[in-house]
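Heads up, the thing below is written out as structure tokens.
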Amino acid sequence: PSVNQVEIHPYLQQRKLIDYCKARGVHVQAYSALGTAGYKEPGEPSVLDDPVLSDIASKRGMSVAQLCLAWSMQRGCSVVAKSASPKRQKENLLLEIDQPQLSEAEMKHIEELDRGYRFFRPEDWWGSMAMAVFD
């Protein structure tokens with residue numbers, strides 16, 4: 001394949017999978033880059049409400065959503081961003097043009113948030129069907 005589209009957000013960073021794909025010339029595209037705020041189950045963590053992300057975003061004058069998209073792009077992934085809001089759609093497009101660069105320290109703080117947490121769990125849908133998962 002030329003593109004591998006997978007769930008990637010600060011709580012599921014998929015470093016091994018990204019490295020594997022990059023080594024083979026396969027581009028990685030992130031879906032659910034904001035952690036599925038509108039579809040999460042009760043009791044699940046919220047990427048958009050994370051205090052570390054909120055602090056970094058606030059210091060940079062951007063939303064947590066913009067921060068998450070910028071973080072994914074800085075890691076070399078393209079992002080599937082869904083929004084029904086024209087204002088947010090415009091903000092997302094402006095990120096592609098401006099491409100803010102996060103500092104090494106900011107990237108490290110975000111890296112520390114990885115929990116290996118999947119909002120989409122294929123095993124819940126497909127039962128015991130075997131599949132390869134890197135993280």
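The values are calculated or read from the model by the stated rules, or taken from the named source; none is laboratory data. Worth saying up front: this structure is predicted, and the values here are computed from it rather than measured. All accessible areas refer to the heavy atoms of the entire protein, side chains included, with ligands and DNA or RNA removed. Shrake-Rupley method; radii C 1.70, N 1.55, O 1.52, S 1.80 Å.
For the Cα atoms of the chain, what angle does the longest principal axis make with the long axis of helix 86-98, in degrees from 0 to 90, nearest 10? Helix 86-98 sits at roughly 90 degrees to that axis.
For the chain, the longest principal axis of the alpha carbon atoms and the long axis of helix 64-74 meet at an angle near 70°. Full extension of the segment from V80 to R60, taken as 0.36 nm per residue of separation minus the current Cα-Cα distance, would add 5.0 nm. By accessible area, using a 1.4 Å probe on protein heavy atoms only, the chain has 53% of its surface on carbon and sulfur. Which percent, nearest 5, of DSSP beta bridges in the chain are antiparallel? Of the beta bridges lying entirely in the chain, close to 10 percent run antiparallel. Under a Gaussian network description of the chain, with springs only between Cα atoms under 10 Å, the residue in V64, V28, V52 that fluctuates furthest is V52.
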